1. Just to check your reading of the model, which residue among 174, 155 is within 15 Å of the chain's Cα centre (by Cα), closer than 17 Å to residue 18 by Cα and either part of a loop (DSSP other than H, G, I, E, B) or polar (S, T, N, Q) (or both)?
2. For segment 226-238, what are the residues that are in contact with a Gly (Cβ under 9 Å, 6 or more places away or on another chain) and either open to solvent by less than 30 Å² (accessible area, probe 1.4 Å) or closer than 17 Å to residue 198 by Cα (or both)?
3. Would you confirm whether any residue within segment 176-195 is in contact with a helix residue (DSSP H, G or I) (Cβ under 7 Å, 6 or more places away or on another chain), among the acidic types (Asp, Glu) and in contact (Cβ under 8 Å) with a residue 40 or more places away in the chain?
4. Within segment 182-212, track down each residue that is touching a strand residue (DSSP E or B) at 6+ places or on another chain (Cβ under 6 Å) and open to solvent by 10 Å² or more (accessible area, probe 1.4 Å).
5. Considering segment 259-272 alone, what residues qualify as being within 20 Å of the chain's Cα centre (by Cα), closer than 20 Å to residue 172 by Cα and not β-branched (Val, Ile, Thr)?
6. Please verify whether segment 218-228 includes one or more residues that are among the polar types (S, T, N, Q), without any contact (Cβ under 8 Å) to a residue 40 or more places away in the chain, closer than 30 Å to residue 100 by Cβ and not in a strand (DSSP E or B).
7. So for segment 13-30 (the condition being open to solvent by 10 Å² or more (accessible area, probe 1.4 Å) and under 15 Å from residue 168 (Cβ atoms)), does at least one residue qualify?
8. May I ask you to verify whether residue 51 is more than 14 Å from the chain's Cα centre (by Cα), under 19 Å from residue 262 (Cβ atoms), surrounded by fewer than 20 Cβ atoms within 10 Å (Cβ to Cβ) and among the aliphatic types (A, V, I, L, M)?
Amino acid sequence: MKTIATINFKGGVGKTTVTWCLGDILSTFGKSNVLLFDLDAQMSLTQAIALDADGASSGKFDKWYDKSISNKRNIFSVLHRYLEDDLTNFHPDNGFVYRLKSNYHFVPSTEQLYWLELETPDPGKGKFFVKNLLGRIQNSASLPKYEYVLFDCPPSFTILSYSVLTCCDLILIPFNPDFFAAKGVGLLIAGLRHRIQPHPLPALGIFANRVRTYAGRPTQAAQAWINDVEEACKQASMQNNVDVSFMDTWIPDRASLRDAITNRITPAELEHDFKSLWSETKNML
């Protein structure tokens, strides 16, 4: 089981859609068993999955989700259960994991995560939550053996994100090539190094997302900002003594990406880009 977290403390960079599409590529073309977590209290991924292609609410998911909330088998309730006791008697069957398709499964978010820091009885214990939860999932008789687990992390440093980042194999950081990207990515790398100590920082993969293009290549301005971020990554890597890989793959800005999750398919014109992204990602695992 390989674990990949997608994070950026700057909102709106497209990390949610990128994470979902990466999982779709892995499960569809790689034929891998994939589990996807939405850990963001904003619930962007969960809300998108709740919709059908026409924008209407999906009755199937809504019914399952309401049951998971009422039965306290959602990510917030399970975390509280772990903090107050442990997960010894917790069985992560289909009441906790939703099946998007046969080999692509999903653990949704809940708005209760907004109050996570206020309602957590023992924050220090929470750092081991994800590691313990994955152990329960991996040993479950009713769930497949997942080759990959993907985490869509919140745009802030919470107990859950800390728990993910201290045990994952790789952190992916998408950025939008703009005026603020270089400074933001550099600060994020330094912040991760500082916050995760004394745990070792996983390998970091940085790539450009929502890149404006002309004739199939980044515009002149976009390329200049990409170059700035690459240089900032080199500086941050040396200053913080961390393994940072600036990826060659970049994802172009396409309107079809906005509907990828509700349509349940990665846009055909971007299949090559996401396969290339996965190829680079796999080499870092």
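The values are calculated or read from the model by the stated rules, or taken from the named source; none is laboratory data. None of the values given here were measured: they were computed from a predicted structure. Glycine also receives a Cβ, built like all others from the backbone with ideal geometry; neighbour counts cover every protein chain displayed. Protein only, heavy atoms only, side chains kept; ligands, DNA and RNA dropped before computing areas. Shrake-Rupley method; radii C 1.70, N 1.55, O 1.52, S 1.80 Å.
1. Numbers: 174 fails: either part of a loop (DSSP other than H, G, I, E, B) or polar (S, T, N, Q) (or both).
Selected residue: 155, the only one of 174, 155 that is within 15 Å of the chain's Cα centre (by Cα), closer than 17 Å to residue 18 by Cα and either part of a loop (DSSP other than H, G, I, E, B) or polar (S, T, N, Q) (or both).
2. We begin by selecting, within segment 226-238, every residue in contact with a Gly (Cβ under 9 Å, 6 or more places away or on another chain); these are 229, 232-233, 235-236.
Once the filter is applied, which keeps residues that are in contact with a Gly (Cβ under 9 Å, 6 or more places away or on another chain) and either open to solvent by less than 30 Å² (accessible area, probe 1.4 Å) or closer than 17 Å to residue 198 by Cα (or both), segment 226-238 yields 229, 232, 233, 236.
3. Yes, that holds for at least one residue.
4. So in segment 182-212, the residues touching a strand residue (DSSP E or B) at 6+ places or on another chain (Cβ under 6 Å) come out as 185, 202-209, 211.
Answer for segment 182-212, where residues must be touching a strand residue (DSSP E or B) at 6+ places or on another chain (Cβ under 6 Å) and open to solvent by 10 Å² or more (accessible area, probe 1.4 Å): 202, 203.
5. Residues of segment 259-272 within 20 Å of the chain's Cα centre (by Cα): 259-267, 270-271.
In the following step, the residues that additionally are closer than 20 Å to residue 172 by Cα were identified as 260-261, 266, 270-271.
Scanning segment 259-272 gives 260, 270, 271.
6. Checking segment 218-228: not a single residue is among the polar types (S, T, N, Q), without any contact (Cβ under 8 Å) to a residue 40 or more places away in the chain, closer than 30 Å to residue 100 by Cβ and not in a strand (DSSP E or B).
7. Within segment 13-30 (the criterion being open to solvent by 10 Å² or more (accessible area, probe 1.4 Å) and under 15 Å from residue 168 (Cβ atoms)), the answer is yes, since at least one residue qualifies.
8. Details: more than 14 Å from the chain's Cα centre (by Cα): yes; under 19 Å from residue 262 (Cβ atoms): yes; surrounded by fewer than 20 Cβ atoms within 10 Å (Cβ to Cβ): yes; among the aliphatic types (A, V, I, L, M): yes.
Against the criterion (more than 14 Å from the chain's Cα centre (by Cα), under 19 Å from residue 262 (Cβ atoms), surrounded by fewer than 20 Cβ atoms within 10 Å (Cβ to Cβ) and among the aliphatic types (A, V, I, L, M)), residue 51 qualifies.
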